[in-house]
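Everything on this sheet refers to the single structure shown next.
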Amino acid sequence: NGGFYDYPVAATCHRVPNGPACLAHNCDSRTYPRKLMRVARHALMRRTGLVEGIDAMITISRLQREVLAPHLPEGLRYYDVPNPVDAEPLGHKAGAPGDFVFVGRLSPEKGPGVFAEAARLAGARAVFAGDGPLRAELEARYPETRFLGWQSPEEVRAVLRSARALVFPSVWYEGQPLTVLESLALGTPVIVSDVCAGREAV
């Protein structure tokens, strides 16, 4: 799927793409036949020269370039063009330090379980702003956490502004998560995993 992520085991994949170990392993978020369909599609792309014909690429982070470069033609020219975020000067934050906050989709690759467990071990309250397939499981396993559900962009900004820190514990490669940049622009520190390009802004 191009994500270098093994969905069934919820971990970054380091197998050689389309190598023997890759082809024998089901990493797909759906089914193994679905993976084989993706492999066939990729082979067709290579046969038509869609990959080899590239001489330049725009990337949104250094991490994205580092991960992709070994799988692309040598001599490729790279241009880094980060995504922009809206920001306005709000001044220093005042008041209580606030909670540790997770903003985003509650799915395994985003690491919400890692965050909830870390907050429990630290004796801190975890706050989730977002929804997704793991919500019911997380609510049952971590009843001490607070779930705000889906939030509008304005509500997300208010949550981030009042937070002690944004926790971004993604366990798969993130090209450039905008939430990290938005949080920093709002004056809120960020704790980010090392497989996420958000580390470049921290």
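The values are calculated or read from the model by the stated rules, or taken from the named source; none is laboratory data. Note that the structure is a prediction, hence the values are computed from the model and not measured. Here the Cβ positions follow ideal geometry from the backbone for every residue, glycine too, while neighbour counts run over all protein chains shown. With ligands, DNA and RNA removed, areas are computed over all heavy atoms of the protein, side chains included. Shrake-Rupley method; radii C 1.70, N 1.55, O 1.52, S 1.80 Å.
The single residue among Arg125, Arg105, Arg146 that is more than 26 Å from Pro84 (Cα to Cα), at pLDDT 95 or above and open to solvent by 50 Å² or more (accessible area, probe 1.4 Å) turns out to be Arg146. A count restricted to segment 120-156 and to residues that are farther than 23 Å from Leu184 by Cα and in a strand (DSSP E or B) stands at 0. Checking every residue in segment 109-119 against the condition of being acidic (Asp, Glu), surrounded by 11 or more Cβ atoms within 10 Å (Cβ to Cβ), part of a loop (DSSP other than H, G, I, E, B) and touching a residue at least 24 places away in the same chain (Cβ under 8 Å) gives zero matches. If you check Arg34, Arg46, Arg65 for being outside the structural domain of Phe4 (by the TED database), part of a helix (DSSP H, G or I), open to solvent by 50 Å² or more (accessible area, probe 1.4 Å) and touching an Asp or Glu at 6+ places or on another chain (Cβ under 9 Å), only one passes: Arg65.
The residue list Gly95, Gly19 contains one member that is on the phi > 0 side of the Ramachandran plot and open to solvent by less than 80 Å² (accessible area, probe 1.4 Å), which is Gly95. Taking the numbered list (1) of a type in the set (Gly, Ala, Ser); (2) surrounded by 18 or more Cβ atoms within 10 Å (Cβ to Cβ); (3) over 18 Å from the mean Cα position of the chain (by Cα) in turn, Gly130 passes all entries but (3). The set of residues from segment 149-192 being open to solvent by 20 Å² or more (accessible area, probe 1.4 Å), more than 15 Å from Arg105 (Cβ to Cβ), in contact (Cβ under 8 Å) with a residue 12 or more places away in the chain and among the hydroxyl-bearing types (Ser, Thr, Tyr) comprises Ser162, Tyr173.
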